[in-house]
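Scroll down for the structure; my scribbles are underneath it.
Values quoted throughout were computed directly from the atomic coordinates according to the rules given, and no laboratory measurement underlies them. As the structure is a prediction and not an experimental result, all values here were calculated from the model. All Cβ positions, even for glycine, are placed from backbone atoms using ideal geometry, and neighbour counts span all protein chains on display.
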């Protein structure tokens, strides 16, 4: 889901809560996740068997329950990693500013776990799924609910409302059988968590949709 944002925060003058500065720990929190994913990716380049050992497989999940967490930090290739991390970088900063560090990390982790769990339930038994897409879709889901009309640059070229971009990529990458090898179950699980969390945060916060 390679996306880039533009004018990602336009604060309403009526907004009661002030947005945090885009510098400092806001960036560090997101970058820590990116660095962790990068470290795991380098580890798989050194030892490719880690993809099998740390990826999640429905048939072997009961034997390797830790993969419910580790699979979200493993990627199958550079572009897989790049697409997820560039999206996390832009969307993650915005969500962090809106909901704070604890809620942001909670959404990321729960979204990743929920996506992997749905894959265990609905995925091909002997297949292996890896990637942070479930977690990233959860972050995007929060942003869709709290600020659906943020303008983002699709492939750095086409300005569209955020909700349209997320819908486009969800349809392209998540419809079963449309693109072989895509764990649409993880996308769906993460997105549902993100949308639910965004609705909860929006009701408890004094943010306006823009």
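Give me the mean projected area, in nm² to one decimal, of the convex hull enclosing the Cα positions of segment 19-145. Result: 7.7 nm².
Ordered by the count of other Cβ atoms within 10 Å of each Cβ, fewest first, 66, 163, 184 give 66, 163, 184. If R0 is 22 Å, the Cβ-Cβ spacing of residue 78 and residue 53 corresponds to a FRET efficiency of close to 0.65.
Take the convex hull of the alpha carbons in segment 85-130; its mean projected area over all directions comes to 3.7 nm².
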